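> My questions all concern the structure below.
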Amino acid sequence: MNEKDPNDSDSTAPGGGIEAAARQRAEAAVAKLGESYLVEAGEQLAALRQAFDALPPRAEQSRGEIAGLARLAHELAGQGSIFGWPLMSEIGNALQHLLRDRAELGRADRAAVQAHLEVMETALREGVREAAEPRGQDLLAGLAEFEED
């Protein structure tokens, strides 16, 4: 018996049939979610900015406050890759790494966090999704001085 592969888009109606229609619906749903990502990412980034701006001076900081910043960066990074914003993921991951296991943030650390936040805000505002885009490369170049060896 010669059965057709159920994953073969030619196995149903002409033009790909059920599989093609399902794929189109799925792509449309992901595109719609990608649009909502802009709103949600903007809100998460604003929360991250607010938490960072509210961080007390170095001597009064707690690990919990810094861990909270790292958690917010982690959420932004994870969602960026899911919804087609790999640049946000890359920067969010770098920020999370910067904040990981810190007991306090000194002046240089604060400058690095500030730079990461500004780059993420710019990427969202300008719609820069990919590090491979010329503007994405420019934005990442601004963070190069903060990379740890």
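Each value in this text was obtained by applying a stated rule to the coordinates, not by laboratory testing. Remember, it's a predicted structure, so these values are computed and weren't measured experimentally. Don't worry about glycine lacking a Cβ; one is built from the backbone with ideal geometry, like all the others, and counts go over all protein chains shown.
> Take the alpha-carbon centre of the range 59-109, take the same for the range 114-134, and report the distance between them in whole Å.
The range 59-109 and the range 114-134 have Cα centres separated by 15 Å.
> Ok, one more. Just need the Rg to Rh number for the chain, please, alpha carbons only, Kirkwood Rh.
Looking at the chain, the ratio lands at 1.18.
> Continuing with the same structure: How much FRET efficiency would the formula 1/(1 + (r/R0)^6) give for ALA26 and GLU130, where r is the Cβ-Cβ distance and R0 is 35 Å, rounded to 0.05?
With R0 = 35 Å, the Cβ-Cβ based efficiency is 0.95.
> Please sort through the DSSP H helices of the chain and keep those with an alpha-carbon extent of at least 27 Å along the long axis and a Kyte-Doolittle average not below -1.0.
17-53, 63-82, 107-126
> Using alpha-carbon pairs under 8 Å, 6+ residues apart, how would you state the relative contact order of the chain in percent?
19 percent
> Given the -39500 (n - 2.57) contribution per DSSP H run of 4+ residues, what per-residue ellipticity at 222 nm results for the chain, rounded to the nearest 500 deg cm²/dmol?
Rounded to the nearest 500, it is -23000 deg cm²/dmol.
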